[in-house]
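J.: One structure coming up, written as structure tokens, with questions to follow.
The values are calculated or read from the model by the stated rules, or taken from the named source; none is laboratory data. Predicted, not measured: the structure shown is a model, and the values here were computed from it. Glycine also receives a Cβ, built like all others from the backbone with ideal geometry; neighbour counts cover every protein chain displayed.
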Amino acid sequence: MSETMFTNKDVFLLYRFQEAHRRLSLLQGQLSDPALRHEIKDLSDQLALVIKETNLLQKEIDQLKTENQKLEDECKEYDFQLGQIEKTLYSGKISSPKELEQLQKRNAEYKNAKGSREERLINQLYLIEEQENRLGQLQEKAEGLKERVEIVREQETKRRTTLRAQAEKVKTEAGEIEKALPQGLIKFYQRSAEVLKGIVVAPIVESTCGSCHVILSQAVLEKVKKGGGTVPLCESCGRGLFYPETSR
Ligand SMILES: [Zn+2]
């Protein structure tokens, strides 16, 4: 057979080749769809922020606890000092009013100092409680985000695995069709595939072009019916034509 003589069956085979390629490029488009990857990145970023916030808060809580420990120790020390002062006051050993006055002054000062520390201690205890609640919420949020990231990751892996398997299948199919295709038709396809956006041949549907839908002229229909020549082309969109019903 000549390089430019094709039967309807040949063109139909080219159509199957073309459709396999279209499916393949659709699958490749889906494979490179970044939607889920963006979602994973988004969730991971959120998670990183929550972890950062959690760590900062934990540090603050630790600091407050250390401070409170120090305040408690100081209060104990004041208690001890106040006890000493009291002992001296009631010991009857104080001889001068000046000494008494000084002791009373120190007594008042220590009580004051102790009181202000106790107040701070209580305030900080409330603060610690609040922050520990917040910490719990953040930890829950982090757990939720971690789970969500895992789920979406798994989804994406599954999706890609399925698409890759489908693409492999279609590739094999296209390869097998290619082996059976006349060389001239492969060239015909390659020449215009890009310009015609991957649709190089179209079936005739009720005397119209299956791609651009114009009513085909009698001459073209005759040529397709006769077959065995060059690929009959649609006069409107330039795509190769074939009868699907006679090609099976
Ligand atoms: Zn057309």
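J.: Among (1) out of contact with any Asp or Glu (no Cβ under 8 Å at 6 or more places or on another chain); (2) surrounded by 16 or more Cβ atoms within 10 Å (Cβ to Cβ); (3) assigned to a helix (DSSP H, G or I), there is one condition ARG191 misses while meeting the rest; what is its number?
T.: If we test ARG191 against (1) out of contact with any Asp or Glu (no Cβ under 8 Å at 6 or more places or on another chain); (2) surrounded by 16 or more Cβ atoms within 10 Å (Cβ to Cβ); (3) assigned to a helix (DSSP H, G or I), just (2) comes out false.
J.: Continuing with this model, one more query. Failed condition for PHE242, given (1) within 16 Å of LEU13 (Cα to Cα); (2) more than 16 Å from the ligand (Cβ to nearest atom); (3) not aliphatic (A, V, I, L, M), with all others met?
T.: The single condition PHE242 does not satisfy is (2).
J.: When both residues are 6+ apart or on different chains and their Cβ atoms are under 9 Å apart, which pairs have a first residue that lies in segment 220-235 and is closer than 13 Å to VAL201 by Cα and assigned to a helix (DSSP H, G or I), and a second that is polar (S, T, N, Q) and away from the ligand (no atom under 12 Å from the Cβ)?
T.: VAL224/ASN8
J.: Continuing with the same structure: From ILE151, ILE186, which residue is hydrophobic (A, V, I, L, M, F, W, C), more than 14 Å from the ligand (Cβ to nearest atom) and assigned by TED's automatic domain parsing to the domain that holds SER44?
T.: Residue meeting the stated conditions: ILE151.
J.: So, SER211, is that one within 27 Å of SER25 (Cβ to Cβ), within 16 Å of the ligand (Cβ to nearest atom) and either modelled with pLDDT of 95 or more or surrounded by fewer than 16 Cβ atoms within 10 Å (Cβ to Cβ) (or both) or not?
T.: Against the criterion (within 27 Å of SER25 (Cβ to Cβ), within 16 Å of the ligand (Cβ to nearest atom) and either modelled with pLDDT of 95 or more or surrounded by fewer than 16 Cβ atoms within 10 Å (Cβ to Cβ) (or both)), SER211 qualifies.
J.: Related question: Would it be correct to say that LEU47 is in contact (Cβ under 8 Å) with a residue 24 or more places away in the chain and within 24 Å of GLN139 (Cα to Cα)?
T.: Yes; evaluated as a whole, the condition is true for this residue.
J.: Which of the residues spanning segment 1-33 are part of a loop (DSSP other than H, G, I, E, B) and either within 30 Å of GLY136 (Cα to Cα) or at pLDDT 95 or above (or both)?
T.: Correct list: SER32, ASP33.
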